[in-house]
1. Looking only at residues that are among the acidic types (Asp, Glu) and more than 16 Å from residue 24 (Cα to Cα) in the stretch 47-72, which one is least open to solvent (accessible area, probe 1.4 Å)?
2. Go through the stretch 174-189 and report how many residues are at pLDDT 90 or above, within 16 Å of residue 229 (Cα to Cα) and surrounded by fewer than 22 Cβ atoms within 10 Å (Cβ to Cβ).
3. What is the number of the single condition among (1) closer than 14 Å to residue 301 by Cα; (2) in contact with an Asp or Glu (Cβ under 9 Å, 6 or more places away or on another chain); (3) at pLDDT 75 or above that residue 337 does not meet?
4. Return the total of residues in the stretch 231-286 being closer than 19 Å to residue 142 by Cβ and either hydrophobic (A, V, I, L, M, F, W, C) or more than 29 Å from the chain's Cα centre (by Cα) (or both).
5. Starting from residues that are of a type in the set (Gly, Ala, Ser) and open to solvent by less than 30 Å² (accessible area, probe 1.4 Å), keep the ones in the stretch 231-284 and report whichever is farthest from residue 161 (Cα to Cα).
6. Any residue at all in the stretch 152-161 that's in a helix (DSSP H, G or I) and either among the polar types (S, T, N, Q) or on the phi > 0 side of the Ramachandran plot (or both)?
7. Is one or more of the residues making up the stretch 129-151 open to solvent by 30 Å² or more (accessible area, probe 1.4 Å), farther than 23 Å from residue 336 by Cα and aliphatic (A, V, I, L, M)?
8. Identify all residues within the stretch 178-206 that are in a helix (DSSP H, G or I) and more than 16 Å from residue 151 (Cβ to Cβ); write none if there are none.
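The values are calculated or read from the model by the stated rules, or taken from the named source; none is laboratory data. These figures come from a predicted structure and were not determined experimentally. Here the Cβ is made from the backbone with ideal geometry for all residues, glycine too, and neighbour counts use every protein chain on show. The area values use the complete protein model at the heavy-atom level, side chains included, leaving out ligands, DNA and RNA. Shrake-Rupley method; radii C 1.70, N 1.55, O 1.52, S 1.80 Å.
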Amino acid sequence: MTMNAPKRTIVSVDAMGGDLGPAAVVAGLALSADKNPEIGFILHGNKPQLEGLVARHAGLAEVCEIRHADEAVTMDDKPSHVMRNGQNTSMWSAIDAVRDGDAEVVVSCGNTGALMLLSMVRLRKLPGVNRPAIACLWPSRNPSGFNVMLDVGADVRADEDDLLQYAMMGASYARNGLGIARPRVGLLNVGTEEHKGRAELKAAHELITNAAEGAQIDFVGFVEGVDLPSDRVDVIVTDGFTGNVALKTGEGTSKLISGLLREAFSATIASKLAALLAMRPLKRMGQRVDPSRNNGGVFLGLNGTVVKSHGSADATGISAAVRLAFQLAKGGFNQKLAARVASGDASRQDAATESRQGEQQE
C-alpha cells in the first residue's frame, strides 16, 4: 500500500489492546474500509498474526500497513510501568505514528491510563493546556442524538482555568464532531443557582461567561445531572472525578434498564407476544443508546488526536471509533482545537488585565 496515496486519511490503530483481541479490531477495520474508500490504516501489533487476520478480509491489505510490535499493554499494567518499559508495545508504536506524521489520528481499545500518559509524553500538550481531557458522547434528546461531556476521567482535578479550557475544547469537538455551529455549553453543578457550588465552579462560571461571545458559544450557566441527556445543552463541562462517576453511573443504569426490560418481556406468554409487537421500536431505542454504536472517547488538548475505544468493543464498536477518528482527522479538528484553546486563553488573560486595571483605578 502507498501510504501517501491522495485522498486517503491514515488512522493509526493499536491492534492488541482490546478485550476481544486483534481479530475484533481487524474485523472493525474491514467494516470501516468497506464503507469509506478514503480511509487507510497503519496497524500495530504481532505482524504474523495480523497478516493472517487481514488476509481474511478482501481488499483490506490494500489499505493497511502492518508494523510489528513485540509486546502489548495489558489492562492491568500500571501507566508508570508502561512509560518506563513500553517502547516495544503496540500502543507506543501507534502513538508514535501520529507523532512522526505518518498518520493523523490514533485509535486504541487499550488501558486508558497508559494511553493517556503515553499520549501526553509522546505527543505533548497543546500550548496553553494545563490538563488534557477525555470527552465522550452522551445520548440525548438533541437533534444530533448526543451531548458532549468532558472531562470523564483524564484528571480528577480541575480548577477554573481548566474548566474554561474544557469549555473551549468541548465546543470545538461539538462543532467538528456533531456539526453544531454555535454550541450551548453548561457547567455541571449541584444546582442551577449562581450562588451554589465550589469556589472554582463559581470562578469558572465567570470566566466562561466572559469568553463566550468571542468563542462563539452560548453559555447556559450551571446545569444539573438531570440535564446530561436533555436538549438544554450541547456540551457539559465538569472535572474528571465527577465526569467519570456520571459516565459509569449512566452505563450501569443503561444495563439495569436493559436487563429489567428483558425480564419483563420474557416473564409470561403475553409479555413475550408484547415483545414481538414492540421489537422494532425497542431495537431503535437500543441502537440509540448502544455503547458499541456510540463508541469512542476523544483525548483533547494534545498535539494529535487520540480516540479511546471501549476495551470490550466488538467489530461494530471498533468501526464506530474509527469512523469518529476519521471524521475528526478529515475536518482538521486538532488544528481548529488549538486555535480555540488559544482564543480562550487570550480571553482569560484579557479579562484578568481588565480586572487588575479596574482594581488599580479604584
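1. Step by step, filter the stretch 47-72, then rank; the result is 65.
2. Counting residues in the stretch 174-189 that are at pLDDT 90 or above, within 16 Å of residue 229 (Cα to Cα) and surrounded by fewer than 22 Cβ atoms within 10 Å (Cβ to Cβ) gives 1.
3. Status for residue 337: all satisfied but (2).
4. 7
5. 271
6. no
7. no
8. Within the stretch 178-206, 178, 199, 202, 203, 205, 206 meet the criteria.
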